[in-house]
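Below is one structure, written out as C-alpha cells; the observations come after it.
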Amino acid sequence: METETGDKKLQEKIRELIKKRKAILLAHNYQRPEIQDIADLCGDSLELSIKASQTDAEVIVFCGVHFMAETASILSPEKTVLLPVKQAGCPMADMITAQDLRERKKEEPEEAVVSYVNTTAEVKAESEICCTSANAVQVVNSISEHRKIFMVPDKNLAQYTKKQTGRQIAYWEGHCYVHNNLTPDQVKKAKASHPNALFLAHPECPPGVLELADEIKSTSGMIAFASQSDHREFIIGTETGILYPLSKANPDKVFFPADPNMVCRDMKRTGLKEVLAALEKMEPVVKVPEEVRTRAKGAVDRMLAIPRG
Ligand code: 13P
Ligand code: SF4
C-alpha cells in the first residue's frame, strides 16, 4: 500500500500525463477511492458508455473491467482505449460465448436477444440490443410486444426485468458471484441490526434478496436515490466499492454493506501505479476488431437511443 503522500504524488503525475496525452480518465463506481478521486467521471456502466461516446479526448483510460473498455472502443474506434490492467475482466461476461449465442439463435430464431453490457464484444455483435442495470426495463419495453425475448448472461437481471415488464423472457443461466452470493438471511440480519435503514439492492442480486429491497437500482441509481431521500440510513446490496461515492455524495448519511464480503476482485485490480504505467507506455490497449465492432455497435447504439428513464 502506498502512503497517502505516495498516493498524492502518483495522482499528480497521472493528472499531468492525462493532460499531456489529451486523455480522459473514466472510473466505475466500484473502483478504489484513490482512483475515483482523480477520475474525470465516475459512474455506472450506462453513464460511462455515454461519456465514452461523447468525449473529444484522444485517449480513454478506463478504470473498470474489460467489457467496459471494449464498449468504449466500440463507440469510439478512433480513440486509444487503455485498460490499465489487462487481466481485469468480468467473470459473468465470460459465462456466455458468441458460439453459445449463435446456437441459441439457431434454435429460437424469432427471439430478440438482449445482452447485458457485461458481455464480450463478440456476444454484443450477435445481439439485437444491449442493456445495463439502469435501463433493462426500458430496453425490454422498447421491443415489440409480440416478440419473445432472450436475455444474456445474467439470470438475476433477467428475472427482475421479466417481473417488472410482464414480458415473456427466457434467459442464460449466468450470474455475478459478488451479487449472487448475497442471501435473504444476510439481508434480514442487516435489517434487524439497522431497523431504520432502507435496503437498496442491485438487480444482479438473486430474486429472494430483491424481494426484500426497498429500491432496486444501478450503482449510480443508488447514489442518486440516497441523495434525494429523506432517509439517513441505508443497507447497500452491491459491491462495497460503492460505499465510497455514496458517502462522498452524502456525508450526513450512513451506509452499511449488506455483506462486507461483496468485493469484486477484478474491479480492485487497478491501482494508481498501473494507471500511471498505462499512461507512460500507452498500453495495454483494448481495440475491438472492425468486423465485430460494427455489428456490436448496432446493439449498443440501439440501447443509447432509448431515452433515460
Ligand atoms: P452498474 O452498471 O450498475 O454500475 O453495474 C455494473 C456492474 O458490473 C455490476 O456488477
Ligand atoms: Fe462482473 Fe460482478 Fe465484478 Fe460487476 S461485480 S464486474 S458483474 S464480476
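The values are calculated or read from the model by the stated rules, or taken from the named source; none is laboratory data. Keep in mind that this is a model prediction, so the values were computed, not measured. Virtual Cβ from ideal backbone geometry, glycine too; neighbours counted across all protein chains shown. Surface accessibility is based on the protein's heavy atoms, side chains included, excluding ligands, DNA and RNA. Shrake-Rupley method; radii C 1.70, N 1.55, O 1.52, S 1.80 Å.
Please specify each residue of the range 212-236 satisfying the condition of being in contact with an Asp or Glu (Cβ under 8 Å, 6 or more places away or on another chain) and open to solvent by less than 40 Å² (accessible area, probe 1.4 Å). Step through it out loud before you land on a result.
Quick first cut of the range 212-236, residues in contact with an Asp or Glu (Cβ under 8 Å, 6 or more places away or on another chain) only: 218-222, 225, 232.
218, 219, 220, 221, 222, 225, listed by residue number.
So residue 238 passes all but one of these: (1) within 14 Å of ligand 1 (Cβ to nearest atom); (2) farther than 30 Å from residue 210 by Cβ. Which condition number does it fail?
The failed condition is (2).
Is the range 82-94 home to any residue that is acidic (Asp, Glu), within 15 Å of ligand 2 (Cβ to nearest atom) and within 20 Å of residue 296 (Cα to Cα)? Show your work before the answer.
Of the residues in the range 82-94, the ones acidic (Asp, Glu) are 94.
Retained after the next criterion (residues that are within 15 Å of ligand 2 (Cβ to nearest atom)): 94.
Right, trim to within 20 Å of residue 296 (Cα to Cα) and you get 94.
For the range 82-94, residues acidic (Asp, Glu), within 15 Å of ligand 2 (Cβ to nearest atom) and within 20 Å of residue 296 (Cα to Cα): present.
Could you tell me whether any residue of the range 125-133 is within 13 Å of ligand 1 (Cβ to nearest atom), touching a Lys or Arg at 6+ places or on another chain (Cβ under 9 Å) and not in a helix (DSSP H, G or I)? Full working, then the answer.
Residues of the range 125-133 that are within 13 Å of ligand 1 (Cβ to nearest atom), as a first pass: 130-133.
Subsequent filtering for residues that are touching a Lys or Arg at 6+ places or on another chain (Cβ under 9 Å) retains 130, 133.
Applying the additional criterion that residues be not in a helix (DSSP H, G or I) yields 130, 133.
Yes - at least one qualifying residue is present in the range 125-133.
Given the criterion under 19 Å from the mean Cα position of the chain (by Cα), within 16 Å of ligand 2 (Cβ to nearest atom), farther than 21 Å from residue 161 by Cα and not acidic (Asp, Glu), identify the matching residue among 69, 125. Break it down stepwise before answering.
Working: 125 fails: within 16 Å of ligand 2 (Cβ to nearest atom).
Exactly one residue qualifies, and that residue is 69.
Which pairs turn up if I take residues in the range 58-82 that are among the aromatic types (Phe, Trp, Tyr) and more than 16 Å from ligand 1 (Cβ to nearest atom) and look for partners that are modelled with pLDDT of 95 or more and not in a helix (DSSP H, G or I) with beta carbon separation below 6 Å, at least 6 apart in sequence or on another chain?
none
Here's the yes/no breakdown for (1) buried (at least 18 other Cβ atoms within 10 Å of the Cβ); (2) closer than 18 Å to residue 289 by Cβ:
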| residue | (1), (2) |
| --- | --- |
| 95 | yes, no |
| 106 | no, no |
| 113 | yes, no |
| 119 | yes, yes |
| 123 | yes, yes |
| 132 | yes, no |
| 137 | yes, no |
| 140 | yes, no |
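Taking residue 178, is it crowded, with 22+ Cβ neighbours inside 10 Å and either within 16 Å of ligand 1 (Cβ to nearest atom) or part of a loop (DSSP other than H, G, I, E, B) (or both)? Steps first, answer last, please.
Values: crowded, with 22+ Cβ neighbours inside 10 Å: yes; either within 16 Å of ligand 1 (Cβ to nearest atom) or part of a loop (DSSP other than H, G, I, E, B) (or both): yes.
When the stated conditions are applied, residue 178 passes them.
Being over 19 Å from residue 297 (Cα atoms) and of a type in the set (A, V, I, L, M): is that true of residue 25 here?
On the way: over 19 Å from residue 297 (Cα atoms): yes; of a type in the set (A, V, I, L, M): yes.
Against the criterion (over 19 Å from residue 297 (Cα atoms) and of a type in the set (A, V, I, L, M)), residue 25 qualifies.
Of all residues in the range 77-99, count the ones that are under 28 Å from residue 263 (Cα atoms) and assigned to a helix (DSSP H, G or I).
To start, the set of residues in the range 77-99 that are under 28 Å from residue 263 (Cα atoms) comprises 81-98.
From what's left, assigned to a helix (DSSP H, G or I): 93-95, 98.
Number satisfying all stated conditions: 4.
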